[in-house]
1. Listing 325, 183, 170, 50 from the residue with the fewest other Cβ atoms within 10 Å to the one with the most, what is the order?
2. At 7 Å along the Cα-to-beta-carbon direction for both residue 312 and residue 105, put a label point, then send me their distance in nm to one decimal.
3. Would you kindly state how much longer the chain becomes between residue 219 and residue 16 on full extension, computed as 0.36 nm times their sequence separation minus their alpha carbon distance, in nm to one decimal?
4. Taking Cα pairs under 8 Å and at least six residues apart, what relative contact order does the chain come out at, in percent?
5. Of the GluC sites (Glu not before Pro) in region 103-198, which ones lie in a loop per DSSP and count no more than 13 other C-beta atoms within 10 Å?
6. So, with +1 on the Cβ of K and R and -1 on the Cβ of D and E, and no other charges, what is the size of the charge dipole of the chain about its Cα centre, to the nearest 20 debye?
7. What is the Rg over Rh value, at two decimals, for region 117-231, using alpha-carbon atoms and the Kirkwood definition of Rh?
8. With θ set to phi - 60° and the Karplus curve 6.51 cos²θ - 1.76 cosθ + 1.60, what are the ³J(HN,Hα) couplings of region 103-119 in order, to the nearest whole Hz, using x for Gly and Pro?
Amino acid sequence: MSDQAGYGDIRAGVQRLCEQFPGVYWREKDEQRSYPVEFVDALTEAGYLSALIPEEYGGAGLPLGAACAILEEIHRSGCNGGACHAQMYTMGTLLRHGSEAQKARYLPDIASGALRLQAFGVTEPNSGTDTTRIGTRAVRDGDDYIVNGQKIWISRAEHSDLMILLARTSERDASEKPTDGMSVFLVDMRTAVGNGLTIKPIKTMMNHGATELFFDDLRVPAANRIGEEGMGFRYILDGMNAERILIAAECIGDARYFVTSAAGYATGREVFGSAIGRNQGVQFPIARAHIQTEAAAGMVWRAVDLFESGAACGAEANMAKLLASEASWAAGDTCIQTHGGFGFAVDYDIERKFRETRLYQVAPISTNLILSHVATHELGMPKSF
Ligand SMILES: Cc1cc2nc3c(=O)[nH]c(=O)nc-3n(C[C@H](O)[C@H](O)[C@H](O)COP(=O)(O)OP(=O)(O)OC[C@H]3O[C@@H](n4cnc5c(N)ncnc54)[C@H](O)[C@@H]3O)c2cc1C
């Protein structure tokens, strides 16, 4: 099942759980820039974070649409899945490309919550979006690899037991294709920190647990390499469609939160003797935000359908992410405008959600790179880089 109205029971269950985490909970976490551990634990205990893990490894074995419904409802309820959404898509790299031994060792503990797999280390300060130019190197030394380099913007690294890491195992120039020669490792953060891995938090405009990572002769067992050496970029790419679709679902949740808040406020707030929502100058932008949101949601669920059927969905996943992230931003802008001065009041949560949803036009892939993908892959225009 992959229509957006589906998964009623899951949606209702997520809503009930989210009711236990009202705005005041998120405001406090936001102010202290602290990890919402209680929320993540509650989601884990209820089984939502292991939705995509197959039943044989202790998960629910549900399709991507179920995970989208979960994340969408979290965001529609005013909560934030940013603290834990990565588990849903990074796990796919381990599931699809890990050995039987790796899956048996890690997936049941990830499903039960005994291990958190929330960190995904790809971006570097000097390569930016051009992942083929990453400089982090993993050099084979007996039964280990020795890792040196630096990553930036790695979310939740301080709160994760495991990290999926992309590093070069052979030089870009020595590889047949620039995308060759990179490998994926499962890094055990519990033993790595202080033994070659240093984590430095980065302050950002929202509470996302962003960090900078420094690798200085970190030893990673060769047994923790996922799949074949040199094939890592392909494994990471493989998971990116799921990541984009899931993030797009979060944006749809945010957008619906903003539209509902704006419509409710516009109906209840009286100025000049009547509800402000009676004025078309107030109601039309809200209606437009709603239309944009539902159009974007249609693309999200089209991408889900293709993904679940095993068809190519790169274009749809990208388009869904672009449309949904722009819809949530536009809905947030309208919501603030509708609330007038109160839109800026921290106690109304709107400014927090507005800050949170802005990220998704930049990460995990920026809007320009999506436009470039569509222009060159879908429309056959020449590539600029
Ligand atoms: C809060 C936060 C959390 C993040 N979490 C993670 C994480 O957990 N793991 C991880 O690996 N990464 C993470 N990222 C990194 C994120 O994926 C990157 O920031 C994003 O992909 C953009 O890369 P960049 O910052 O290097 O920008 P750059 O590549 O430097 O690009 C800067 C701007 O230039 C534009 N641009 C670049 N090249 C072109 C071009 N050829 N044509 C047109 N426009 C172009 C881009 O669209 C962008 O707007 C996170 C980022 C943030 C801010």
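Throughout, read-outs are computed from the coordinates displayed, never taken from laboratory work. Note that this is a predicted model, so its numbers are computed, not measured. Positions of Cβ are backbone-derived with ideal geometry, glycine not excepted, and every protein chain shown enters the neighbour counts.
1. 170, 183, 50, 325
2. 3.6
3. 68.7 nm is the gain from fully extending residue 219 to residue 16.
4. Relative contact order of the chain: 16 percent.
5. On the way: sites: 158, 171, 176; in loops: 171, 176.
The qualifying sites are 171, 176.
6. In total the dipole reaches around 740 debye.
7. The Rg/Rh ratio comes out at 0.96.
8. 5, 5, 6, 9, 4, x, 6, 5, 4, 7, x, 5, 10, 9, 10, 10, 10
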